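Structure first, then comments.
The values are calculated or read from the model by the stated rules, or taken from the named source; none is laboratory data. Because the structure is predicted, anything quoted here is derived from the model rather than measured. As a convention, Cβ positions derive from the backbone with ideal geometry for all residues, glycine included, and neighbour counts pool all protein chains shown.
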Amino acid sequence: MPPPGKALIVDIDGVVSPVHGRTAWGDDVTAGNVFGPVLVSPGLCARLDDLAQTPGLSCWWLTSWSVKMRAAMRPFPGRGWPVVADPAHAPRAGRTWWKLAALEIWLDQHAEVLALAWCDDDLRGGRPAAVRRWLAARGIESLLLTPRTSRGLTPEHLDTLEAWARDPRPPRPPRRT
């Protein structure tokens, strides 16, 4: 069995790029255009890319943005990150939210993941508690970050992610019943 691992799952709209707002970083630039200007923070991009170098951490996209859309942005984090699932091909697996269905299938294929940080503004509105319980039932420790859609991830969110990712204690293995 592979060693216990941590995974970071990241969305784009409302997380890396604010929707109808500005980031909390104070260094926003227009990285490209997708249905309008895409604002990102070079500071956020750099910290996410640095975080991805953390031993024992794998970083993944879970977003409706295509590879082509992400590749057209400058600056932009996670150029080499794989995707959990393509929304056009993500089976629903009995769930109404495609991201949760995709994550369920992905987790079934990645038993080495014992701790998961998920950054998605769509987790707001009552979903965090349910998702936390669902992940705990699978034996996975979770850190769910739900930024305000109009701000995206803040420096404080990155501080939290970095502390979580660099915590030397291994994630707890799943409980056996």
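Restricted to strands (runs of 3 or more DSSP E) entirely inside segment 1-91, those with at least 2 residues that are free of Cβ contacts under 8 Å to residues at least 60 places away in the same chain are 29-33, 37-40, 57-61. A single entry from D108, D122 fulfils the requirement of being touching a residue at least 60 places away in the same chain (Cβ under 8 Å) and part of a helix (DSSP H, G or I): D122.
Here is a yes/no grid of residues against (1) outside any helix (DSSP H, G or I); (2) crowded, with 19+ Cβ neighbours inside 10 Å; (3) at pLDDT below 95:
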| site | (1), (2), (3) |
| --- | --- |
| P128 | no, no, yes |
| R151 | yes, no, no |
| H157 | no, yes, no |
| L161 | no, yes, no |
| P168 | yes, no, yes |
| R175 | yes, no, yes |
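Considering each residue of segment 102-115 in turn, at least one proves to be touching a strand residue (DSSP E or B) at 6+ places or on another chain (Cβ under 6 Å), closer than 19 Å to L144 by Cα and surrounded by 19 or more Cβ atoms within 10 Å (Cβ to Cβ).
If you go through segment 26-69 and pick out every residue that is over 20 Å from T154 (Cα atoms), within 15 Å of the chain's Cα centre (by Cα) and not polar (S, T, N, Q), you end up with 2. Output yes when any residue across segment 79-97 is modelled with pLDDT of 95 or more, closer than 22 Å to W134 by Cβ and polar (S, T, N, Q), and no when none is. No, there is no match, as no residue in segment 79-97 is modelled with pLDDT of 95 or more, closer than 22 Å to W134 by Cβ and polar (S, T, N, Q). Could you tell me whether G139 is at pLDDT below 90 and either β-branched (V, I, T) or at positive phi (or both)? Criteria not met by G139.
For segment 25-38: of the residues being touching a strand residue (DSSP E or B) at 6+ places or on another chain (Cβ under 6 Å) and aliphatic (A, V, I, L, M), which is nearest to A72 (Cα to Cα)? I'd like the intermediate steps shown before the answer.
The initial filter retains those residues of segment 25-38 that are touching a strand residue (DSSP E or B) at 6+ places or on another chain (Cβ under 6 Å), namely 28, 30-32, 37-38.
Filter once more, so that each one left must be aliphatic (A, V, I, L, M): 31, 38.
Details: A31: 8, V38: 11 Å.
Checking each candidate, the answer is A31.
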